[in-house]
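No value in this document is a laboratory result; all are computed from the given coordinates. All values derive from a computational prediction rather than experimental measurement. In this analysis, Cβ positions are derived from the backbone assuming ideal geometry, glycine residues included, and neighbour counts consider all displayed protein chains.
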2 protein chains.
Amino acid sequence: MTRRDAAGDGLKELRDEIDAVDRELVALLARRRDVVARVAEAKRRAGLPVHHPAREEDLLSDRRRRAREAGLDPDLVEDLFRRVMRSSRVSQSAAVTARGVRPGARVVVVGGAGAMGRRLRGWFEGSGYRVAVLERDDWHRAPALAGGADLAVLAVPIGATAGAARSLAPVLPRSCVLADITSVKQAPVAAMLDAHPGPVVGLHPMFGPTTRVLDRQIVVAVPGRDPDACAWVLEQFTAWGAVVVSATAAEHDEIMAVVQALRHFATFVFGQFVSRVGMDLRRTLEFSGPIYRLELGMVGRLFAQDPELYAEIIFATPERRDLLRRYLETAAGNLDLLEQGDRDAFCREFRRVADWFGDFGGQAIRESSYLIEKLVERFG
Amino acid sequence: MTRRDAAGDGLKELRDEIDAVDRELVALLARRRDVVARVAEAKRRAGLPVHHPAREEDLLSDRRRRAREAGLDPDLVEDLFRRVMRSSRVSQSAAVTARGVRPGARVVVVGGAGAMGRRLRGWFEGSGYRVAVLERDDWHRAPALAGGADLAVLAVPIGATAGAARSLAPVLPRSCVLADITSVKQAPVAAMLDAHPGPVVGLHPMFGPTTRVLDRQIVVAVPGRDPDACAWVLEQFTAWGAVVVSATAAEHDEIMAVVQALRHFATFVFGQFVSRVGMDLRRTLEFSGPIYRLELGMVGRLFAQDPELYAEIIFATPERRDLLRRYLETAAGNLDLLEQGDRDAFCREFRRVADWFGDFGGQAIRESSYLIEKLVERFG
């Protein structure tokens, strides 16, 4: 018997032992899931909130302590329990979807055949609302469909929002909440206030139609008129697991010009240039670390989506286009520095920007290091 | 007794049950770790490779199947086992560090007091090599320190590499492998070949000095002279868990101009502009989804690091500076499009770039969606 064969026999036994351990792990996870479902059910019956962030953090601290006692890496154990708890939250949110804040209320989704419209329709229907969908060529049906509505949501492109508000408002009951979901808020909210004398709220869901579960997703809410009458709509998003952040229309639009328009435009410009350089994309990936993979992935992600969606975000307002022009001009301001190979000027500018970022740098390193590890773990 | 109190009692019991399950989970993880350590030890004794990607994939498929049988989400179970297996690999790689491919061989690290130099020194020493460190003002000690070297690694800035090769080579034994670790390869490899008549290999570790464990990290190797004599150096990196990718110096430099210089420069330009716009960074984070958080995190990450390092990468060669100039010019080419609000032209260009990205788009969506989920899970 060779050394390898002997090792092979020993290995077989050890592998069987790993299999046995893993079988027990899977069985325990299934048992945990059952107990957690009973906790959620008990909380629902008692009218208690299902998620309790503080208790989750306590639980994690306790599991880290136990990990250390068992000689395990506490980060490993924390990661595992975070993943398990996230999975529980998602399945509980899915269960919560069945309960509406105002089940039976009538919701009209204008543009309900679009991707976001379909998603909204599914969420409201899943929570027991009576949902009607109105399309562009459906205006003659508007009185029948929207006449008794408690909520009307405009899920049409930015440019069509004001027109849709004007067409719809005359048939809405005065008590109906009118909302939109476009990614700019000043003009649409003004148009809704102008068209409808009742409650108005502007919404901006900070996620796309590929998002199926709202757990921890952000929705920006811009109060228009009669916030008390609008409150149940925001509560419904919260019940679905979303985080609702309030802002004025002006603040929202100023921030989104950077968060959406500038960022997407910068990504567009980068992708445009690498496509012109004509490098071998796959070969560059073989050569490079997880950060490049992550960054190029964010570029590839943009170009895998709908150009019209990005055109809408980038060209939304003259102020946005002006911001993007200034971006290109600021970028071009670095030509001299490159021309002259002026490293000192580069380092001075770098330090000025680093000062502006301040503490965020440390946080960014922590967060991105964690993600890079995940990327290597999953796709490395 | 109120409904809440009754629920409270029931909840207490259920929570105790979760605690008990979790205690068992932690104990099982510790047991699994012990068995895996015995497997690794058995493999090492038998001279078998410790990692076996194919077996890992088989194991994951099997655990997914068991998850489905137990009514658990197979993606959840796969994520958990991937995390556990990564942890095992890392601790095994740490154990492997103790074994060198040529323990006892003499290694000289020039610039060993720098961050990467210190890291190299630690890895080689941990694997039983005799390591000497040579600094800029140490050249008079070079004959004593490098006279019997089996490997000399230049860990100095790009601009100092050629000079260091010329200063060191005369005292190296002819059989010594001469290597560098700078992020450009044409000029440094040429300088090493010119200075040293023996084996030469250019290395580019695609990670920074914050990387402590080499598991799955990429090292690009550019053959210079006598690859057989250099092979053990590459084997040592592989033994530490790194993935060694071979390329010519020209291919390496062409790809790195994009992968490093262009990417870092684009990030610099973006950070420079947002700092000038002067937005409220924290408030933008409250408003925005995980993708913005991820992208802004990559920008913050850059500015939290050493400007000199980035100046070195960006200004490395005239060809690089020319590429970056063309980038700024291409970017500026979009001014008209913004000026005229030409959405159609934007969409046409967008589709052209999307075609160039091809299949990569789908892969990028999958990978980044996974990471976004991780980001929400960990920091959401």
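Structural remarks
- Percent of beta bridges antiparallel (DSSP, the protein assembly as shown, rounded to nearest 5): 25
- Amide H to amide H distances under 5 Å link B:Gly202 with B:Val222, B:Gly224, where only residues 5 or more positions off or on other chains count and H is placed in the peptide plane.
- Shielding of peptide B:316-329 by partners, expressed as the average count of other chain Cβ atoms within 10 Å per residue Cβ, is 3.
- Label point distance in nm, B:Asp344-B:Arg99, each placed 7 Å from Cα along Cα→Cβ: 6.8
- Qualifying GluC sites (Glu not before Pro) for the stretch B:325-367 [loop in DSSP, other Cβ within 10 Å: at most 10]: none
- P(r) histogram, all alpha-carbon pairs of the protein assembly as shown included - 20 Å bins from 0, percent: 14, 41, 34, 10, 1
- Since only B:Ile255, A:Leu76, A:Trp356 are under comparison, the one whose Cα sits farthest along the positive direction of the charge dipole of the protein assembly as shown, derived from C-beta charges on Lys, Arg, Asp and Glu, is A:Leu76.
- Global form of the stretch B:252-379, assessed from the alpha-carbon gyration tensor, a/c cut-off 1.5: rounded
- If you run the Gaussian network model on chain A, springs between alpha carbon atoms under 10 Å, then out of A:Ile314, A:Ile255, A:Ile18 the most flexible one is A:Ile18.
- Remark: label point of A:Gly341 defined 7 Å out from Cα along the Cα-Cβ vector; separations to the same position in other copies 4.6 nm, ascending.
- For A:Asp359, label point 7 Å along C-beta direction: distances to other copies, nm: 4.7
- Along the axis of the charge dipole computed for the stretch A:84-226 (Cβ charges of +1 for Lys and Arg, -1 for Asp and Glu, origin at the Cα centre), the listed residues A:Met116, A:Met206, A:Ser88 are led at the positive end by A:Ser88.
- Within chain A, the selection of entire DSSP H helices by a Cα span of 30 Å or greater along the long axis and an average Kyte-Doolittle value of at least -1.0 returns A:3-46, A:74-96.
- Peptide B:336-348 - average C-beta neighbours from other chains (10 Å radius): 4
- Using a 7 Å Cα-to-Cβ projection, A:Asp34 label spacings across copies, nm, ascending: 2.7
- Three-way shape label, the stretch A:106-247, alpha-carbon gyration tensor, a/c 1.5: rounded
- Look at where the Cα atoms of the stretch B:132-167 and of the stretch B:200-222 average out, and the two centres are 20 Å apart.
- Cβ crowding within 10 Å averaged over residues, with B:57-64, A:119-126 ranked highest first: A:119-126, B:57-64
- For chain B, the spread of Cα positions along the three principal axes, ordered from largest to smallest, is 89, 70, 37 Å.
- For B:Lys43, the lysines whose Cα comes closer than 30 Å to its Cα, not counting residues fewer than 8 places off in the same chain, are A:Lys12, A:Lys374.
- Loop-located trypsin sites (Lys or Arg not before Pro) in the stretch B:278-380 (DSSP state not H, G, I, E or B) with no more than 12 neighbouring Cβ atoms inside 10 Å do not occur.
- Ranking of A:Lys43, B:Lys12 by count of other Cβ atoms within 10 Å, fewest first: B:Lys12, A:Lys43
- For peptide B:117-123, the mean count of partner chain Cβ atoms within 10 Å of a residue's Cβ comes to 0.
- Dipole-positive endmost among A:Cys230, A:Val245, A:Thr284 within the stretch A:230-291 (Cβ charges, Cα centre): A:Thr284
- Listed peptides B:143-151, B:173-181 by packing density, highest first (mean Cβ within 10 Å): B:173-181, B:143-151
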